[in-house]
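The structure under discussion appears below in the form of structure tokens.
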Amino acid sequence: MKFKTLLLINILILAMYGCLKDDDSIMPEAAKTHKYFNIDDFDPAAFLTKYLRDGGQNAFQFMTSMVEYDPFKSGYPQTVINIQRLDSVKYFRTSQPNAGAFDTEFDIYNITYYFKDGSTKQSNRIYAESILGNSYTYLPDTDYNQLSVNNPVNYVTLKRGTRSELYVDNGCGKVKRRFPYTHYFNTDSIGVNTIDGDRCSSNVFSYQLITIQ
């Protein structure tokens, strides 16, 4: 009887250990490590000649910071989703080119953003991180919001102009160039303003492009 009891206890312990191992293999996004990039980290020559495997040129989406960046379109548009106003995001993979950029592997996805006000935004055929698999529903983390918590719009798009002007960046201690950006709140253009580069090593402004690993 004592032997049977010990055997049963051992079986339960092994079963519990097996369950814990299964749970560890399905790691929540918040527990994964992140890598931070900016738009200057994209190397178009390397992407088109070394890493790209599907022959396409699409925008990139970064799940953690909810930023879309298109290095191939005029104005290099950056669209940032207001995570404070976002309810959830659904990803559906449509093809697996395994395109490499930003030290990350990307596939082609259709992405639907669901906002708390009941509206949606659709982004089709966009590169998103391959680690998401065939389908994925993401509940965003407001800690990574790239917009002010008081911003009243669902998403903002910036498109960079071609002309630049010189200015003194006192924080960096040098003369730099800054560019005009057309601002879009949701889909409405609200005007053009110059924006200083956000890094001493760059003249351009970039939202944080944060990937999961």
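Annotation for segment 71-103: chymotrypsin sites (Phe, Trp or Tyr not before Pro) lying in DSSP loop with at most 16 further Cβ atoms inside 10 Å of their Cβ are 72.
For segment 89-213, the spread of Cα positions along the three principal axes, ordered from largest to smallest, is 48, 34, 27 Å. Shown in residue order for segment 158-168 are the 3J(HN,Hα) couplings computed by the Karplus curve 6.51 cos²θ - 1.76 cosθ + 1.60 at θ = phi - 60°: 10, 10, 7, x, 8, 7, 9, 9, 7, 7, 9 Hz (x for Gly and Pro). For segment 37-117, compute Rh as the Kirkwood radius over C-alpha pairs and then the Stokes-Einstein diffusion coefficient at 10 °C and 1.306 mPa s; write the answer in µm²/s, rounded to an integer. It diffuses with D of about 116 µm²/s by this estimate.
The local environment of residue 176, defined by Cβ-Cβ distances under 9 Å, has a net charge of +1 under the rule Lys, Arg +1 and Asp, Glu -1. For segment 80-213, lysine pairs with C-alpha atoms less than 28 angstrom apart, excluding pairs fewer than eight positions apart on the same chain, total 7. For the peptides 61-67, 77-83, the ranking by packing is 61-67, 77-83, with the highest mean count of neighbouring Cβ atoms within 10 Å listed first. Packing around the peptides 176-182, 39-45, taken as the average count of other Cβ atoms within 10 Å per residue, puts them in this order, highest first: 176-182, 39-45. For segment 131-213, with all protein chains in place and a probe radius of 1.4 Å, 46% of the accessible heavy-atom surface sits on carbon or sulfur. Solvent exposure of segment 57-159 amounts to 41 Å² per residue of accessible area, where only protein heavy atoms count and the probe is 1.4 Å. Above 18 Å, the calculated P(r) of segment 32-168 contains 57 percent of its Cα-Cα pairs.
The values are calculated or read from the model by the stated rules, or taken from the named source; none is laboratory data. Source: prediction; values computed, not measured. Neighbour counts run over all protein chains shown; Cβ positions are idealised from the backbone, glycine included. Please note that ligands, DNA and RNA were not included when accessible areas were found on the heavy atoms of the full protein model with its side chains. Shrake-Rupley method; radii C 1.70, N 1.55, O 1.52, S 1.80 Å.
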